[in-house]
Amino acid sequence: MMLSDSMNKALNGQIANELFASMTYRQMAFEFDVMGLKVFAAKFQSQADEEHDHAMRIAKYILDSGGNVELSALDKPQSGYKSAQAMVEAALASEIKVSKQIYGLMDQAESEKDHSTRSFLKWFIDEQVEEVSTMSDLLQLVKMAGESNLVLVEQRLHELMKTETPAE
Ligand code: MG
């Protein structure tokens, strides 16, 4: 079944949103690296890769559905964060924002009775629950430890990353 032009356009918009989320994580990863927090840096590089994969997943769906992929210019990601906590807070805010974007796409797919896109988006809705939860947990750890004890959080994060299942 063909995508409607407006659904195609909205999905192209989400490719840009996911790529922007990827760049946002990438910038944060570099800033963690400068702070000497190498495990945080690795975790955020891996988040950036995941967001890039999300963009590619949407592009593949558009192509499989007979649509056209069109990339667009991205805003400059925020930089110069004041602390590790500020970055994790911004990361959580970004995940919440992406969840809302996905809900908007789902609303559109429902109103168009576009069952294929609804089914496709279900994976993203579930994924966002995970992403928001992971970032909330990390924020809680960072707040508990305080900026001077973040090296301890790194040990915990390192253990969590080892047990993480690879992204689908
Ligand atoms: Mg994403």
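The values are calculated or read from the model by the stated rules, or taken from the named source; none is laboratory data. Since this is a predicted model, take the numbers as computed values, not measurements. Glycine also receives a Cβ, built like all others from the backbone with ideal geometry; neighbour counts cover every protein chain displayed. These accessible areas exclude ligands, DNA and RNA; they are computed on the full protein's heavy atoms, side chains included. Shrake-Rupley method; radii C 1.70, N 1.55, O 1.52, S 1.80 Å.
So, in segment 119-165, exactly how many residues are over 21 Å from Val34 (Cα atoms), surrounded by 16 or more Cβ atoms within 10 Å (Cβ to Cβ) and either of a type in the set (Asp, Glu) or more than 16 Å from the ligand (Cβ to nearest atom) (or both)?
So the count comes out to 2.
Just one of (1) within 14 Å of the ligand (Cβ to nearest atom); (2) open to solvent by 70 Å² or more (accessible area, probe 1.4 Å); (3) farther than 30 Å from Leu157 by Cα; (4) not acidic (Asp, Glu) trips up Asn68, so point out which.
In the conditions (1) within 14 Å of the ligand (Cβ to nearest atom); (2) open to solvent by 70 Å² or more (accessible area, probe 1.4 Å); (3) farther than 30 Å from Leu157 by Cα; (4) not acidic (Asp, Glu), Asn68 misses (1) alone.
Regarding Ala109, is this residue in contact with a Ser or Thr (Cβ under 7 Å, 6 or more places away or on another chain), in contact (Cβ under 8 Å) with a residue 60 or more places away in the chain and surrounded by 17 or more Cβ atoms within 10 Å (Cβ to Cβ)? Spell out the reasoning first.
Working: in contact with a Ser or Thr (Cβ under 7 Å, 6 or more places away or on another chain): yes; in contact (Cβ under 8 Å) with a residue 60 or more places away in the chain: yes; surrounded by 17 or more Cβ atoms within 10 Å (Cβ to Cβ): yes.
Yes.
Taking Ser99, is it small (Gly, Ala, Ser), within 11 Å of the ligand (Cβ to nearest atom) and surrounded by fewer than 18 Cβ atoms within 10 Å (Cβ to Cβ)?
The answer is yes for Ser99.
Quick one: would you say Ala42 is within 16 Å of the ligand (Cβ to nearest atom) and either polar (S, T, N, Q) or crowded, with 16+ Cβ neighbours inside 10 Å (or both)?
Here the answer is no, as Ala42 does not meet what is asked.
From the list Tyr61, Tyr81, which one is away from the ligand (no atom under 16 Å from the Cβ) and within 21 Å of Ser22 (Cα to Cα)?
Values: Tyr61 fails: away from the ligand (no atom under 16 Å from the Cβ).
Within the list Tyr61, Tyr81, the selection yields Tyr81.
Could you check segment 77-96 and list, in sequence order, the residues that are farther than 23 Å from Asn149 by Cβ and among the β-branched types (Val, Ile, Thr)?
Ile96
Need at least 1 residues that are closer than 15 Å to Tyr25 by Cβ and of a type in the set (Gly, Ala, Ser) per element, so show me which helices (runs of 4 or more DSSP H) inside segment 54-168 make the cut, counting only ones lying wholly within it.
In segment 54-168, the matching helices (runs of 4 or more DSSP H) lie at 84-111.
So which pairs qualify, if the first residue must be in segment 58-71 and closer than 14 Å to Gly13 by Cα, the second must be surrounded by 11 or more Cβ atoms within 10 Å (Cβ to Cβ) and among the charged types (D, E, K, R), the Cβ gap must be under 8 Å, and the two must be at least 6 apart or on different chains?
Cβ pairs passing all conditions: Ile58/Glu18.
I'd like the full set of residues that are surrounded by fewer than 17 Cβ atoms within 10 Å (Cβ to Cβ) and at pLDDT 95 or above, limited to segment 1-15.
Ser4, Asp5, Ser6, Lys9, Gly13, listed by residue number.
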